[in-house]
Amino acid sequence: MAKSPEEEHPQKAFGWAAKDSSGLLSPFHFSRRETGDGDVTIKILYCGVCHSDLHNVKNEWGFTMYPVVPGHEIVGTVTKTGKNVKKFKVGEQVGVGVLVDSCKRCESCQQDLENYCPQMIFTYNSFSQDGTKTYGGYSDIVVVDEHYVLRFPENLPPDAGAPLLCAGITVYSPMKYYGMTEPGKHLGVAGLGGLGHVAVKIGKAFGLKVTVISTSPKKEDEAINRLGADSFLVSSDPAKMKAAINTMDYIIDTVSAVHPLAPLISLLKLNGKLITVGLPEKPLELPIFPLVLGRKLVGGSDVGGIKETQEMLDFCAKHGITADIELIKMGDINTAMERLAKSDVKYRFVIDVANSLSQ
Amino acid sequence: MAKSPEVEKPNKAFGWAARDSSGVLSPFNFSRRGCTLATGEKDVRFKVIYCGVCHSDLHMVKNDWGTSTYPLIPGHEIVGEVTEVGSKVQKFKVGDKVGVGGMVGACHSCDNCANNLENYCSKMILTYGAKYYDGTITYGGYSDTMVSDEHFVIHIPDNLPLDASAPLLCAGITVYSPLRFYGLDKPGMHVGVVGLGGLGHVAVKFAKAMEVKVTVISTSPNKKKETLEHLGADSFLVSKDQDQMQAAQGTLDGIIDTVSAQHPLLPLISLLKTQGKLVVVGAPEKPLELPVLPLLMGRKLLGGSCAGGMKETQEMIDFAAKHNITADIEIIPIDYVNTAMERLVKTDVRYRFVIDIGNTLKSSS
């Protein structure tokens, strides 16, 4: 008979888990594997609340295995290292993002694209190689193969830097891959939430002109004065959208709700690129004519490999880029989730795990 | 008052035109500009010998896209022999074998024009059914003569048969350009071609010449033998066969999708490897459904492409000449053209009709 979450591993662990699709989180005792030869054990200090966590706790994608301990924007300190570990020492500040394992042999893994490995294992709600479930960062400790652990730059604040481990790499990776980093070019960022606000900052750091495209006119002041965007386009204003036709070289579309792509495609110049990183539940309507006539493309991207995630962290450290966060206690997570469902956060909740997770 | 088509220009011309959206073509007297006037000094005039029948011609004669004005002489896969050149023409002389494709004018001052992408110029002038610089309507290649600014004229190398190379001027460049632009031209790559018609069959030939492994994806199982034995494709997938499609998942570096009808994208996206590229060159009228998650999970992309610039069109023709690539055609006399259009609606042609203009288009006067 399968062991209980508390018994299946030797290291005791404690966190908050959702037990059913109400998505309500509550205290949860479980366990972590022994620190293997290639593993590091991490005491978790902070964990960002990603919108994917909300989708998962409510089983909106249909593959949640309860109980689920979410959290894949983890920053902490190393407390134990396995005997073969070379990259980290006890006491070092580290990060863990969206994946904790992969096959290490396939073409994707060989190309440092572990995130595209067909056997990639998510930080939570996946099965480890030993057949047990993975649990995420809304918890006190985590044990991870050193290959999937990131060195967290010293000059990045661990709380405001935590969201970079998912939100940051999610926008950084496609910007590099699709060649959206040429200084002077014009980037549109659709949606101003966790992903969008980081995209604005990273875009500016690449020397791009950045326009935020949003349905909410009241975000304009913040977008321009606080985040540093160059301009703001209200997508529900037909006249403004018409005036902006054919002005953008690239667009990062962070919007997860079902939304029309045609207006965004019309904003692109010839050879323009629309990259979707949000995850709408249903397929989107795609007009083909504008793509053909303008040689435009729509591409997807899904987080990034470990090497690139480290590169992104170092880039953000160099440019002083962090997320704008609201620090919360573990006990307030359910309220935070409710507010997140209404996009009522500027722009990421981060759980102060070390100071508020108590048994 | 605007002059009639017959007299608006100095040189008499004869062709077949559609008069209304029934799309039925019939004899039509009109006129072309000359090369001797100041405005014609960069023009090349040629006797049309063959003209390919592109599916766009069918859409245009029937006003499927709502942009047609009548009378309309279609034809933008035009080949012939130069009979006259303007005084400032440098690239062509009388007797040269030449061709004209989908466009005959552009602004020459925008970034696109400067980058040899005249096809994407916002002021690009289509070979037929468009307003030329002088305000008159352009007439296409279902006619006895053609006049074009030399910038938009292509040299046809001597070793290419004129009839079977005519379709390259539209079909050829339409598939060649994206194979290059999207990097699907590297030896050893594996590319899928969806739809086996005018565009598709030429795509197979170009890709094979680029040493790319080719899989044709089609709804018609009866095209398999021809595809493998005659066109040289490496394999054939019946898109309605779930098992075949499943087995082929994640095998293609890219796909050239030539299908204009509405069709599902998800099965095609699934055939792509990680970082694979689905390129659409057919133009369905209504939007298609784009499943976003599969795009994300494999970092895949869907991009469009439309014909090609003049420099690339010449490059494509020269490549075709080097590799002996021509279209598979059915030559028809001009008075068969309406029947050909009806057969084209049913895709009953292997794989392009080409009108034998030189031998069968004769003015009754």
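The values are calculated or read from the model by the stated rules, or taken from the named source; none is laboratory data. This one's a predicted model, so the numbers in the text were calculated from it and none came from an experiment. We place every Cβ from the backbone using ideal geometry, glycine too, and count neighbours over all the protein chains shown.
Structural remarks
- Residue list for the stretch A:272-294, restricted to those being among the acidic types (Asp, Glu) and within 7 Å of chain B (Cβ to nearest Cβ): A:Glu285
- Subset of the stretch B:311-333 [in a helix (DSSP H, G or I) and crowded, with 21+ Cβ neighbours inside 10 Å]: B:Thr313, B:Met316, B:Ile317, B:Ala320
- Unmet requirement for A:Tyr116, which otherwise passes all of (1) over 18 Å from A:Gln129 (Cα atoms); (2) touching a Ser or Thr at 6+ places or on another chain (Cβ under 7 Å); (3) crowded, with 16+ Cβ neighbours inside 10 Å; (4) among the hydroxyl-bearing types (Ser, Thr, Tyr): (1)
- Count - residues of the stretch A:238-295 that are touching a Lys or Arg at 6+ places or on another chain (Cβ under 9 Å), within 21 Å of B:Gly298 (Cβ to Cβ), in contact (Cβ under 8 Å) with a residue 60 or more places away in the chain and not basic (Lys, Arg): 2
- Residues satisfying the stated conditions in the stretch A:194-225, i.e. under 19 Å from A:Ala341 (Cα atoms), of a type in the set (Lys, Arg) and over 22 Å from the mean Cα position of the chain (by Cα): A:Lys218
- Identification of strands (runs of 3 or more DSSP E) wholly contained in the stretch A:208-287 with 3 or more residues that are modelled with pLDDT of 95 or more yields A:209-214, A:231-234, A:248-253, A:268-276.
- Candidates A:Leu313, A:Leu267, A:Leu297, A:Leu327: the one that is more than 14 Å from every other protein chain (Cβ to nearest Cβ) and under 21 Å from B:Glu285 (Cα atoms) is A:Leu267.
- Candidate set from the stretch B:250-259 (those that are assigned to a loop (DSSP other than H, G, I, E, B) and in contact with a helix residue (DSSP H, G or I) (Cβ under 7 Å, 6 or more places away or on another chain)); member that is surrounded by the most Cβ atoms within 10 Å (Cβ to Cβ): B:Thr258
- Annotation: B:Lys47 fulfils all but one of (1) out of contact with any helix residue (DSSP H, G or I) (no Cβ under 9 Å at 6 or more places or on another chain); (2) surrounded by 14 or more Cβ atoms within 10 Å (Cβ to Cβ); the unmet one is (1).
- Taking the criterion of being hydrophobic (A, V, I, L, M, F, W, C) and more than 30 Å from A:Gly278 (Cα to Cα), the only residue of the stretch A:33-57 that qualifies is A:Val40.
- Unique match (being under 21 Å from the mean Cα position of the chain (by Cα), charged (D, E, K, R), in a loop (DSSP other than H, G, I, E, B) and closer than 30 Å to B:Gly195 by Cα) among B:Asp20, B:Asp57, B:Asp64: B:Asp64
- Residue satisfying all of: in the stretch A:238-264; touching a helix residue (DSSP H, G or I) at 6+ places or on another chain (Cβ under 8 Å) and more than 13 Å from chain B (Cβ to nearest Cβ); surrounded by the most Cβ atoms within 10 Å (Cβ to Cβ) among these: A:Ile251
- Those helices (runs of 4 or more DSSP H) lying entirely in the stretch A:75-180 with at least 2 residues within 14 Å of another protein chain (Cβ to nearest Cβ) and within 29 Å of A:Phe206 (Cα to Cα): A:107-110, A:167-177
- Of all residues in the stretch A:235-254, none satisfies being under 20 Å from the mean Cα position of the chain (by Cα) and of a type in the set (Gly, Ala, Ser).
- Taken over the stretch A:288-321, residues that are in a loop (DSSP other than H, G, I, E, B) and crowded, with 20+ Cβ neighbours inside 10 Å amount to 9.
- Test for A:Ser52: is it hydroxyl-bearing (Ser, Thr, Tyr), within 18 Å of the chain's Cα centre (by Cα) and crowded, with 19+ Cβ neighbours inside 10 Å: yes
- Of B:Ile154, B:Ile173, all but one fail to be part of a strand (DSSP E or B) and either touching a residue at least 40 places away in the same chain (Cβ under 8 Å) or in contact with a Ser or Thr (Cβ under 9 Å, 6 or more places away or on another chain) (or both); the exception is B:Ile154.
- Qualifying residue in the stretch B:251-261 (condition: free of Cβ contacts under 8 Å to residues at least 40 places away in the same chain and more than 8 Å from chain A (Cβ to nearest Cβ)): yes
Rundown of residues vs (1) among the basic types (Lys, Arg); (2) more than 19 Å from A:Gly203 (Cα to Cα), yes/no style:
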residue	(1), (2)
A:His259	no, yes
A:Pro263	no, yes
A:Leu284	no, yes
A:Pro290	no, yes
A:Lys296	yes, yes
A:Gly300	no, no
A:Gly304	no, no
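- Residues that are within 14 Å of chain A (Cβ to nearest Cβ), of a type outside the set (S, T, N, Q) and within 26 Å of B:Asn119 (Cβ to Cβ) do occur in the stretch B:309-318.
- Selection from the stretch B:262-302 of residues that are surrounded by fewer than 20 Cβ atoms within 10 Å (Cβ to Cβ), in a helix (DSSP H, G or I) and at the interface with another protein chain (Cβ under 8 Å from one of its Cβ atoms): B:Leu266, B:Leu293, B:Pro294, B:Met297
- Residue count for the stretch B:11-39 under the criterion of being over 13 Å from B:Tyr142 (Cβ atoms) and either aromatic (Phe, Trp, Tyr) or at pLDDT below 85 (or both): the result is 6.
- Failed item in (1) free of Cβ contacts under 8 Å to residues at least 60 places away in the same chain; (2) buried (at least 17 other Cβ atoms within 10 Å of the Cβ), with A:Ser139 passing the rest: (1)
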